[in-house]
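*Asks:* The structure's right below; bear with me while I get my questions together.
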Amino acid sequence: MKKGEPNLMEDRKVKVRIAPSPTGDPHVGTAYIGLFNYAFAKHNGGKFILRIEDTDRTRYSETSEQQIFDAMKWLGLNYEEGPDVGGPCGPYRQSERMGMYAKYAEQLVEKGEAYYCFCTQERLKALRERQEAMHQAPGYDGHCRKLTKEEVEDLKKKNIPYTIRLKMPYDGQTIVKDKLRGDIAFDNSGIDDQVLLKSDGFPTYHLANIVDDHLMGITDVIRAEEWIASTPKHVQLYKAFGWQEPNWYHMPLLRNADKTKISKRKNPVSLNYYREEGYLKEGMLNFLALMGWSMEGEKEIFTLDEMVKEFTFDRISLGGPVFDLVKLAWVNNHHMRLKPVKELAELARPFYEKLYDLSGLKEEKFERIVEIIREGAHTLKELAKLSDISSLYFSNFCLNKSIAF
């Protein structure tokens, strides 16, 4: 941006998104990034939207997609636009936007910012093997970048399959202006010419992501730090199209206790698991908010509305936050004790009914049991289990409904 030129992105109303892939159970990482997008949007009077990135049709699951919708709604991270709620920038499934990606890839070819690549899988495999043998960094060697228009037309007439690749500059650096980490410089010589459109006509993540973000008016991209390495390609794509890039924020990854990236091998990562175990949405959101962020005064127990009211990125810590289940249980217990007893009892009832016959038990007596036992329980499931061994009254209620409380 030239000196004195207005920052149009800053003048626009904030609009952010999460864009999960429906390939399994909804992940706690999706909720984590979704929470910070939501808090930033709401604090700034902006919009939070949901897009489904489902171009990988071999792994797509309709059930997974529905579970993403359900998980976001359970948590209260309500989005203004999305596949199931509609909106002015739809459709919000990438599989329903397939017709546009090839057009944008072709535009880049016409502008000289991308090119057709006719290399076969056999040649690319041989290239990788040669690079490995010579201890070179893997990457495309630009073989088709030198093709003339005549050679390209001749190959296309022969129906030779092709991809479209981004024409990265060979020299200089690409600077990612990260709002959390400052300027991050990447040598262009170390970034190969990324495939944008595959030979089957499907876009790669990089092309579809940038085109969709631009067309949907995304002003700020808040995502996990694992995407930092891809961002210089995205910056170059924005430049190639002549579009203004969004503001970039790369959040710290959730970590296991040994500082490795959180994974189901060491911790449950499915949001379904936590819901089925009886964690409250308030407890889960509060815990996820503490993963890299803190309230003024280091307050640890707070609501989503309180987070939105005080949210700023200058309180983000970039050290890898540890996904500590003991801490989650502690936070959740606090929210169970803060919740009105009647509401907590209503949430807890399905967990009790799996263990006990509640027929005939008066509601006020059930609520009193919940009120007593919640002091030492960390989840709704544990609340029900503890009632069996800790309550002086519960077993008597189940055996003899006439006993007074």
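The values are calculated or read from the model by the stated rules, or taken from the named source; none is laboratory data. Nothing here was measured: the structure is a model prediction, and the numbers come from that model. Using ideal geometry, Cβ is built from the backbone for each residue, glycine included, and neighbour counts are taken over all protein chains shown. We work out accessible area using only protein heavy atoms, side chains counted, and drop any ligands, DNA or RNA first. Shrake-Rupley method; radii C 1.70, N 1.55, O 1.52, S 1.80 Å.
*Asks:* What whole number of Å gives the distance from the Cα centroid of region 101-152 to the Cα centroid of region 193-240?
*Replies:* Taking the Cα centre of each part, region 193-240 and region 101-152 sit 18 Å apart.
*Asks:* Let me ask something additional. Measuring from a point 7 Å past the Cα of Lys239 along Cα-to-C-beta, which residues in region 168-184 have an amide N at less than 15 Å?
*Replies:* 168-178, 184
*Asks:* Next question. Suppose R0 equals 30 Å; then what is the FRET efficiency for Thr312 and Glu371 from their Cβ-Cβ distance, rounded to the nearest 0.05?
*Replies:* Numbers: r = 37 Å, r/R0 = 1.23.
The calculated FRET efficiency here is 0.20.
*Asks:* For the chain, what is the accessible area per residue in Å² when the probe is 1.4 Å? Kindly include the intermediate steps, with their values, before the conclusion.
*Replies:* On the way: 20070 Å² over 405 residues.
Counting only protein heavy atoms, the per-residue value for the chain is 50 Å².
*Asks:* Tell me, how many Å apart are the Cα centres for region 270-347 and for region 171-192?
*Replies:* Taking the Cα centre of region 171-192 as reference, the centre of region 270-347 is 35 Å away.
*Asks:* Here is a follow-up. If you fit an axis through the alpha-carbon atoms of helix 341-353 and take the longest principal axis of the Cα set of the chain, what angle between them do you get, 0 to 90°, nearest 10?
*Replies:* 90
*Asks:* Return the label of the correct value of Kirkwood radius over Cα pairs in Å, as calculated from the structure shown, out of [x] 24.3; [y] 22.5; [z] 21.1.
*Replies:* [x]
*Asks:* Is the shape of region 282-337 rounded, prolate or oblate, going by the alpha carbon gyration tensor and its root eigenvalues a ≥ b ≥ c, with a/c under 1.5 for rounded and a/b larger than b/c for prolate? Please report the intermediate quantities before stating the final value.
*Replies:* Values: a/c = 2.26, a/b = 1.21, b/c = 1.87.
Oblate shape, in that a/c is at least 1.5 and b/c is the bigger or equal ratio.
*Asks:* Next question, about the same structure. Just need log10 I(q)/I(0) for region 88-215 at q = 0.13, 0.14 Å⁻¹, Debye formula, equal scatterers on the alpha-carbon atoms, no solvent, rounded to two decimals.
*Replies:* Treating every Cα as an identical point scatterer, log10 I(q)/I(0) equals -0.66, -0.76.
*Asks:* Cα atoms only, region 315-359: Rg and Dmax in Å?
*Replies:* In Å, with Rg to one decimal and Dmax whole: 15.9, 52.
*Asks:* List the trypsin sites (Lys or Arg not before Pro) within region 195-259 that DSSP assigns to loop and that have no more than 11 neighbouring Cβ atoms inside 10 Å.
*Replies:* Values: sites: Lys198, Arg223, Lys233, Lys239, Arg255, Lys259; in loops: Lys198, Lys259.
When the trypsin sites (Lys or Arg not before Pro) of region 195-259 are filtered for loop state and at most 11 Cβ neighbours within 10 Å, Lys259 remain.
*Asks:* State the extension gain, in nm to one decimal, for the chain segment bounded by Val322 and Arg12, taking 0.36 nm per residue of separation less the distance between their alpha-carbons. Numbers along the way, then the final one.
*Replies:* Values: separation 310, 0.36 × 310 = 111.60 nm, distance 3.51 nm.
Gain in length upon complete extension: 108.1 nm.
*Asks:* What is the angle, in °, between the Cα long axis of helix 231-241 and the longest principal axis of the Cα atoms in the chain? Nearest 10 is fine, range 0 to 90.
*Replies:* 50
*Asks:* Write down the percent of antiparallel bridges among all DSSP beta bridges whose residues are both part of the chain, to the nearest 5.
*Replies:* Among the beta bridges of the chain, antiparallel pairing accounts for roughly 55 percent.
*Asks:* Tell me the angle of helix 62-75 to the major Cα principal axis of the chain, expressed in degrees between 0 and 90 and rounded to the nearest ten.
*Replies:* That works out to roughly 60 degrees.
*Asks:* In deg cm²/dmol, rounded to 500, what helix-only [θ] at 222 nm does the chain give when every DSSP H run of at least 4 residues adds -39500 (n - 2.57) and the total is split over its residues?
*Replies:* Numbers: 16 runs with 169 residues, N = 405.
The per-residue figure over the chain is -12500 deg cm²/dmol.
*Asks:* Once you put a point 7 Å from the Cα of Thr23 and another 7 Å from the Cα of Asn159, both along the Cβ direction, what distance in nm separates them?
*Replies:* Going by the 7 Å Cα→Cβ label model, 3.2 nm.
*Asks:* So if the hydrodynamic radius of region 64-135 is defined as the Kirkwood radius over C-alpha pairs, what does Stokes-Einstein give as its diffusion coefficient at 37 °C and 0.692 mPa s, in µm² per second?
*Replies:* Numbers: Rh = 16.6 Å.
Answer from the Stokes-Einstein relation: 198 µm²/s.
*Asks:* Moving on to the next point. For the chain, give the percent of accessible area contributed by carbon and sulfur heavy atoms, probe 1.4 Å, rounded to a whole number. Present the calculation step by step, with values, prior to reporting the outcome.
*Replies:* Details: 10060 of 20070 Å².
Here carbon and sulfur together make up 50 percent of the probe-accessible area.
*Asks:* What is the set of long-range amide H partners of Asn44 at a cut-off below 5 Å, with H atoms built 1.01 Å from backbone N?
*Replies:* For Asn44, no residues qualify.
*Asks:* Could you estimate the translational diffusion coefficient of region 208-272 from the Stokes-Einstein equation, with Rh from the Kirkwood formula over C-alpha pairs, at 10 °C and 1.306 mPa s, in whole µm²/s?
*Replies:* Values: Rh = 13.8 Å.
It comes out at roughly 115 µm²/s.
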